[in-house]
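Peer 1: Structure provided below as structure tokens; questions to follow.
Just so you know, all these numbers are worked out from the coordinates, no wet-lab data involved. As the structure is a computational prediction, the values presented were derived from the model and not from experiment. Cβ placement follows ideal geometry from the backbone for every residue including glycine, while neighbour counts extend to all protein chains displayed.
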Amino acid sequence: MKPIHIKGLRVTPQLDHYTCGYCTARTIYRFYNLRPRDYGLRHYLGVDHQILPDSMPFREHVQGWMNQMEVDTLGVLPMDIFAVLYWDGFDTAVLADAFDGYSEELNQHLKRGHPAIGMALPPSGGQLHWVVISGMDDRGISVLDSCGYCDPLEKNRYRYVVPCELVDRVISGIITVSRLQTAGVRRMRDTDFYREYLRGARFGAACLGHQANHNAGGYVRKAIGMLTKKKKVSGTR
């Protein structure tokens with residue numbers, strides 16, 4: 001396999017424990033010469049949204065229980081990623097099979113000069129984590145990680161390679177992304193929103209199921225918190 005390494009991708013370091021999705025999307029937007037702030041990226045991805053409204057009766061008790069169960073309600077859901085990328089003119093496709101089943105399709109996508117987004121997990125287990133996929137070669141998949149959380153060598157490197165033999169354990173799903181230079185913000189109709197949210201929900205469920213086959217254990221309870229939130233992209237640009 002001829003090595004593919006996409007140039008121009010810059011890691012966005014993660015400063016908070018829940019901003020891996022935002023940092024990943026920010027790297028993608030900057031690669032396509034889009035200024036994340038101009039698109040209200042952090043707001044529309046719902047990065048800082050809590051699941052429980054302030055006016056909810058017994059909110060502190062319920063939140064306390066959720067904290068005890070380690071359900072984190074901050075961050076970026078798969079549904080938000082799909083909806084916002086579509087809204088901002090990106091085209092996406094899902095690769096959620098075993099690595100042997102999608103490696104050629106991923107290779108062709110990267111060869112065309114477009115990156116991908118991965119849902120990852122450390123080899124030793126933990127929480128699901130968003131990363132950018134920047135290339136691949138005979139060794140495995142090249143990754144940009146906003147905090148080095150899924151580094152197979154556990155050295156917290158921002159850039160590393162996931163070896164072929166570990167891809168199915170570390171990468172639970174991939175979203176290929178591309179955007180034409182002439183693309184702009186799309187009109188987001190209700191049908192568009194529901195379709196992209198459904199795609200994101202299916203992708204998230206597939207990622208959880210995939211990792212359950214490889215890492216059955218306590219991480220499932222933590223990861224399921226990603227899908228307990230119900231948020232909706234709203235507003236106009």
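Peer 1: Using a basic spin-label model with each label point 7 Å from the Cα along Cα→Cβ, how many nm lie between ARG157 and ASN33?
Peer 2: 3.2 nm
Peer 1: How far, in nm, would the chain grow between LYS7 and ARG42 when pulled straight, counting 0.36 nm per residue and subtracting the alpha carbon separation?
Peer 2: Full-extension gain reported as 10.1 nm.
Peer 1: Which number do you get for Rg(Cα) / (2.2 N^0.38 Å) in segment 116-191?
Peer 2: Rg over 2.2 N^0.38 Å, computed on Cα atoms: 1.29.
Peer 1: Also: What ranking do 152-158, 99-105, 115-121 get when scored by the average of other Cβ atoms within 10 Å per residue, highest first?
Peer 2: 115-121, 99-105, 152-158
Peer 1: While we're looking at this one, here's another question. Quote to one decimal, in nm, the extra length available between ALA98 and ALA183 on full extension: 0.36 nm per residue of separation minus the C-alpha distance between them. Each step should come with its number before you reach the end.
Peer 2: Values: separation 85, 0.36 × 85 = 30.60 nm, distance 3.17 nm.
Stretched out fully, the ALA98 to ALA183 stretch lengthens by 27.4 nm.
Peer 1: In sequence order, what are the phi-derived ³J(HN,Hα) couplings for segment 98-112 according to the Karplus relation 6.51 cos²θ - 1.76 cosθ + 1.60 with θ = phi - 60°, rounded to whole Hz, with x for glycine and proline?
Peer 2: Going residue by residue, I get 5, 3, 4, x, 10, 4, 5, 5, 5, 4, 5, 5, 5, 5, 7 Hz, with x marking Gly and Pro.
Peer 1: Using a simple spin-label model with points 7 Å from Cα along the Cα→Cβ vector, what separation in nm is obtained for THR191 and ASP137?
Peer 2: Spacing of the two 7 Å Cα→Cβ label points: 4.7 nm.
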